[in-house]
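The values are calculated or read from the model by the stated rules, or taken from the named source; none is laboratory data. Quantities reported herein were computed from a predicted structural model and do not represent experimental measurements. Heads up, the Cβs are rebuilt from the backbone with ideal geometry, glycines too, and the neighbour counts pull from every protein chain shown. In case anyone asks, the SASA skips ligands and DNA or RNA and just uses the protein heavy atoms, side chains included. Shrake-Rupley method; radii C 1.70, N 1.55, O 1.52, S 1.80 Å.
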2 protein chains.
Amino acid sequence: MTDTLDATTAGGPVSPSRSVFRPLGSEEARIVGGFWAHKQDLNATTIIDHCLTWMERIGWIGNFDRAADGTVADHHDGIEFVDSEVYKLLEAMAWELGRSNNSELDRTYRSLVSRVAAAQEPDGYLHTSFGREGQRPRFSDLEWGHELYCFGHLFQAAVARLRTGHDDLIVDVARRLADHVYIEFGPNGRDAICGHPEIEPALAELGRALSEPRYLELARIFIERRGRGRLKTTLFQSSEYFLDDIPVRDANVLRGHAVRAEYLAAGAVDVATEFGDAELLDAVKRQWTNTLAARTYLTGGVGSHHQNEEFGSDFELPADRAYAETCAAIGSVMLSWRLLLATGEAKYSDLIERTLLNAVLVSPREDGKAFYYTNTLHQRTLGSEPVEDELSERAEASLRAPWFEVSCCPTNVARTLASVASYFATASSDGLQLHQFGDLDVATSVNGSPVRLQMRTLGYPFDGHVSITVEADDELELSVRIPSWAGDAAITIGGGTLAAEDGYVRLRRRFDPNEPLLLDLPLAPRLTYPDPRIDALRGTAAVERGPLVLCVESTDLPAALQVDSVSLRTGSPLRETPDGASVSIAITEPGSAVWPYGSSPSADGRSETTVELRPYFQWANRGPSTMRVFLPLAGE
Amino acid sequence: MTDTLDATTAGGPVSPSRSVFRPLGSEEARIVGGFWAHKQDLNATTIIDHCLTWMERIGWIGNFDRAADGTVADHHDGIEFVDSEVYKLLEAMAWELGRSNNSELDRTYRSLVSRVAAAQEPDGYLHTSFGREGQRPRFSDLEWGHELYCFGHLFQAAVARLRTGHDDLIVDVARRLADHVYIEFGPNGRDAICGHPEIEPALAELGRALSEPRYLELARIFIERRGRGRLKTTLFQSSEYFLDDIPVRDANVLRGHAVRAEYLAAGAVDVATEFGDAELLDAVKRQWTNTLAARTYLTGGVGSHHQNEEFGSDFELPADRAYAETCAAIGSVMLSWRLLLATGEAKYSDLIERTLLNAVLVSPREDGKAFYYTNTLHQRTLGSEPVEDELSERAEASLRAPWFEVSCCPTNVARTLASVASYFATASSDGLQLHQFGDLDVATSVNGSPVRLQMRTLGYPFDGHVSITVEADDELELSVRIPSWAGDAAITIGGGTLAAEDGYVRLRRRFDPNEPLLLDLPLAPRLTYPDPRIDALRGTAAVERGPLVLCVESTDLPAALQVDSVSLRTGSPLRETPDGASVSIAITEPGSAVWPYGSSPSADGRSETTVELRPYFQWANRGPSTMRVFLPLAGE
């Protein structure tokens, strides 16, 4: 299982030439029901259309039409990088078409691609905000113009199209644009980088998908150029903000702007993999480990500072000022997935599970028509219903917003949901690996022989029962990740009891399709305590249940009681409920302090009640509420 | 003592027409030695010169010369509002001249005023960044241009000159400019306000000092216009940021940009006082009370968010992400002082003392040549020495910076130190009030009779012994504030024991100048616990000694031990040291967690030592260090 493979199939969003685990393509791994099917259906029926409707209405798609007919310099809607939102939507549509092949979506998709393509200039350049008479010159503002960032998202849209079996117009557009970028920024071009990383992993993938070494080489060049102070800093944005402070291979931890940091690190893994650069891969592994140890929220969210959307210092993880941008969580999944493929280590899938279920899924409202941009772990004040047809600032209030002036998150959620099946399973030369749990069909080949696998759940992540059926002619090794939250306990699987080793239960055998393997993951609610170095969380605990972080929402409290006046009674049992837990809490009457510092510690709560804790990702779906994940501990 | 007075003298930076307490002028109250004299001397010999030298070197003063000779549109140094730094320096110089009458400073001052005056345009307008060919039009960017903000600081500079006995060039300049603003923005002018409040208190003071009702009226108009959504918001700055979300008389708490909020509230008190608007005064008192109760750091600092330099929500007071801008602390002193004069309530002086000694004095380095802009209460990482001749961003590292691109704080410190004597004492129709402790001479008249008072300390704030001598022909009432930190204990004063009532010990008598009153304030170190609603501080305590907040600095710890690995042993005695305290601390070896959330709470520290705690305002004067005010509590 640990030998390195050549890629044999398309392989979803990421397809390294060589890796420990081989990703499966959208034809090979399909979600067929359950929790994730519901999310993918919501995406297909609602989120994609929501993004399309908004971007038509506010002119972001119209920018391409006006670029084609020569009027965009007079009338451009939105900020400089709104092109990227259209590209992320195209990527989402391409993955969704690979999954569902809906003919109406296919027409919509082709029409949108043709409008984008019409805006491309004869030399391959394509951006609606730069380069025309009356606009700023091309590449005149690399720090803030986000041109290469937008190109990167176009490349990823083309990769999605290629990996779902089509080599058509968007791929032509991407190829011409990538050739243009190679001339402009390649070995004989200007010695420069983009303020916002993204083109790095995108070029690597486009190079892989098209077998074009120049694109891989340019990805490598962009990675190597970074960290040497090329980008102009400002009063508020330092080189660290741009990840331009330290060369990627020398850095010890993710820092600066969180989304940029995750995208850059993802690109660095791609480059390290393609060029066999073990030092660069080790550097990113080290950065991932140190970021996990001291700069990651319990939800998997990252980025503690509202100021500059940045990582904070080690252990600077305030619940109430968590920025935890949705896109940064998605970037974290992109990075962890690449590291999983490169190393085969289960810890990367552990973080993917945590992040997808908590930090990403919290963003879309249950109806798919509003989103969080930032994801606090502690909402103190009641917000109000958003106006459904108004552009919002970054949603920091207690309710999600339908669309943002910088609206990177909704389209990012859409492309992630459409391609989420790719994170569930991989193959190797002699086996299959299951990384995430859900209702999944796999149809692939291992060592030249066809293999079919069916995984079914009784409602994961709310229920821990998983059954797996494998149909194969030959012996093979099935590896099933046992999540770190499931503890060291032996796992009952296939009628016997097996211990997990390095995060996997491994079964090497000829499988009988009539004898399903049964796995029972222990989902009992558990208390989780923060490291005492996290100032903002000292003296609190959170409750988790299986992979889900739970929270207390004011909606579930007795009337008029806010979440800030309750504490967790230590020692009182956690009782399980269908989706979460209920627990005794102590209630402290809100004091009327005139000065919030006193000569004695505050007394514990004086009355008591029981409250239901629910999954964090579901909060704020029942009207304005206050919420918290970490609860202060009150003595017994 | 509670009757309302007409103003009879000049009266320092603030001189209401009617108030409960009458402020004393710079001739009436003088600091003559001790702690504050040292700070005022540092200001006179170093800080003022430091500001002047920097602003000459980097062209901010030269902007005025270029405005006068017509070249400033081609070459303007610094951001739009650097004029205001020159005006705050002029204000500082004027107060300092009133205090010391140094002839060299007088020449420097007059020269600088004449350079400013030469830039004034025929219609009275005066700003180096707007209105010329090649510059943006006047008043074309009220949100961000800061024109009226700059004018306000010019008016305050003129007020300082008037209140120190001169009606000369800067006053002429201010009068012409204020007349211009009245035409442009008065009852027949444009219906608009400035993004950054400041002109409101400045116009009120200029109106008082020049007995010009139009200026008072315009201050009132600006206050009334605010809070009704006149200012254009941006992606990141809401109406709340601008304090344009709620009319001043309707708001319940300070919010938005902290400096703007404090300046605006100060202006509102001025307007309420002058127009007898009890509703407006009550609104600001309510805002002050609610801000103190839930939005103020132990140091008196305010503003929890780096993002937008804003107040946070209630109880959102993280130590490590404290923004606590120096200028916001100065704004808080300005506001509290106005409320003290208007109400006579000691709580306002309590906050002034706390804020001056901790949140303001921490800004200047001991040598007066570097400053904090933001003032954290918990520094986790070692910084490095600043480059002494480079412009810095807002100093957030562990060492202060000599000058900033936005350098509002150094000149604000300078004008505050030069006029700090004004906060120490007031008069009323039949008495004198002492609000702050230090070595002070008062020479004024009460009820028409001359009164002299001498206050002397043995090193306050490090020592609590205060002696007071009063020389007066008639009986009068002396009120001495007993700080709230001194507790309910009776105070030995004048040979007897008197209890404080409503924050004051009051003595009505004929005073014998040969019988000093002796006051002994209890400075024993004490533990202070945060309200449990402050998430970021739960399970910690701070140590205070008298009016000083203490801190642990890595410089005082055993080698290689960082402040993040120590806890306070509860139950161990606080031993007093000359300037602070020493206390037993528990030491926890830094763990090597891979994931900072676990299934059991962390154990208490395993080894133990004793550490000296020192005044917070003195930290970071001995090289790079880490520091914290609130220490985690470890069990006994």
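List of remarks:
- Tally, over region A:554-569, of residues that are within 14 Å of another protein chain (Cβ to nearest Cβ), open to solvent by 40 Å² or more (accessible area, probe 1.4 Å) and closer than 15 Å to A:S584 by Cβ: 0
- Only listed residue being at positive phi, open to solvent by less than 10 Å² (accessible area, probe 1.4 Å) and more than 8 Å from every other protein chain (Cβ to nearest Cβ), chosen from B:G331, B:G303: B:G303
- Among the residues making up region A:611-632, those that are within 14 Å of chain B (Cβ to nearest Cβ) and out of contact with any Pro (no Cβ under 8 Å at 6 or more places or on another chain) are A:Y616, A:T626, A:M627, A:R628, A:V629, A:L631.
- Consider region B:494-506 and keep the residues that are assigned to a strand (DSSP E or B) and within 30 Å of the chain's Cα centre (by Cα). The one that is surrounded by the fewest Cβ atoms within 10 Å (Cβ to Cβ) is B:E501.
- Selection from region A:246-257 of residues that are more than 14 Å from every other protein chain (Cβ to nearest Cβ) and either outside any helix (DSSP H, G or I) or open to solvent by less than 30 Å² (accessible area, probe 1.4 Å) (or both): A:I246, A:P247, A:V248, A:A251, A:L254, A:G256
- Being at pLDDT 95 or above, part of a strand (DSSP E or B) and out of contact with any helix residue (DSSP H, G or I) (no Cβ under 7 Å at 6 or more places or on another chain) is a condition met by at least one residue of region B:128-151.
- Screening region A:276-295 for residues that are touching a residue at least 24 places away in the same chain (Cβ under 8 Å), more than 29 Å from A:V543 (Cα to Cα) and aliphatic (A, V, I, L, M) and picking the one that is most open to solvent (accessible area, probe 1.4 Å) gives A:L281.
- Within region A:513-538, if we keep just the residues that are more than 30 Å from A:D474 (Cβ to Cβ) and of a type in the set (A, V, I, L, M), the residue that is nearest to the other protein chains (Cβ to nearest Cβ) turns out to be A:A536.
- Pick from region A:342-394, criterion surrounded by fewer than 24 Cβ atoms within 10 Å (Cβ to Cβ) and among the small types (G, A, S), ranking: farthest from the other protein chains (Cβ to nearest Cβ): A:G368
- If you go through region A:51-81 and keep only what is in contact (Cβ under 8 Å) with a residue 40 or more places away in the chain and closer than 18 Å to A:I170 by Cβ, you end up with A:C51, A:L52, A:I61, A:N63, A:F64, A:D65, A:A67, A:A68.
Results for (1) open to solvent by 10 Å² or more (accessible area, probe 1.4 Å); (2) aliphatic (A, V, I, L, M); (3) within 13 Å of chain B (Cβ to nearest Cβ), shown as yes or no for each residue.
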site	(1), (2), (3)
A:Y297	no, no, yes
A:N308	yes, no, yes
A:Y323	no, no, yes
A:S336	no, no, no
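- Checklist (1) surrounded by 24 or more Cβ atoms within 10 Å (Cβ to Cβ); (2) within 7 Å of another protein chain (Cβ to nearest Cβ); (3) polar (S, T, N, Q) applied to A:S313, failing item: (1)
- Among the residues of region B:66-80, the ones that are in a helix (DSSP H, G or I) and open to solvent by 50 Å² or more (accessible area, probe 1.4 Å) come to 2 in all.
- Selection within region A:509-547 - crowded, with 19+ Cβ neighbours inside 10 Å and among the polar types (S, T, N, Q): A:T528, A:T540
- Checking each residue in region A:394-432 for being in contact with a helix residue (DSSP H, G or I) (Cβ under 7 Å, 6 or more places away or on another chain) and among the small types (G, A, S) picks out A:S407, A:A414, A:A418, A:S419.
- Residue check, A:T273 part of a helix (DSSP H, G or I), among the hydroxyl-bearing types (S, T, Y) and either open to solvent by 10 Å² or more (accessible area, probe 1.4 Å) or touching a Leu at 6+ places or on another chain (Cβ under 7 Å) (or both): yes
- Residue under evaluation A:D502, criteria (1) touching a strand residue (DSSP E or B) at 6+ places or on another chain (Cβ under 9 Å); (2) of a type in the set (D, E, K, R); (3) in contact (Cβ under 8 Å) with a residue 12 or more places away in the chain, criterion not met: (1)
- Every test in (1) more than 10 Å from every other protein chain (Cβ to nearest Cβ); (2) under 17 Å from the mean Cα position of the chain (by Cα); (3) part of a helix (DSSP H, G or I) is passed by A:V284 save one, and that test is (2).
- So B:P197, is it within 28 Å of the chain's Cα centre (by Cα) and not hydroxyl-bearing (S, T, Y): yes
- Residues of region A:217-241 that turn out to be over 24 Å from B:H306 (Cα atoms) and open to solvent by 30 Å² or more (accessible area, probe 1.4 Å), as a count: 6
- Residue in region B:550-559 that is modelled with pLDDT under 90 and touching a Gly at 6+ places or on another chain (Cβ under 6 Å) present: no
- Restricting region B:33-50 to residues that are part of a helix (DSSP H, G or I) and over 19 Å from the mean Cα position of the chain (by Cα), the residue that is surrounded by the fewest Cβ atoms within 10 Å (Cβ to Cβ): B:T45
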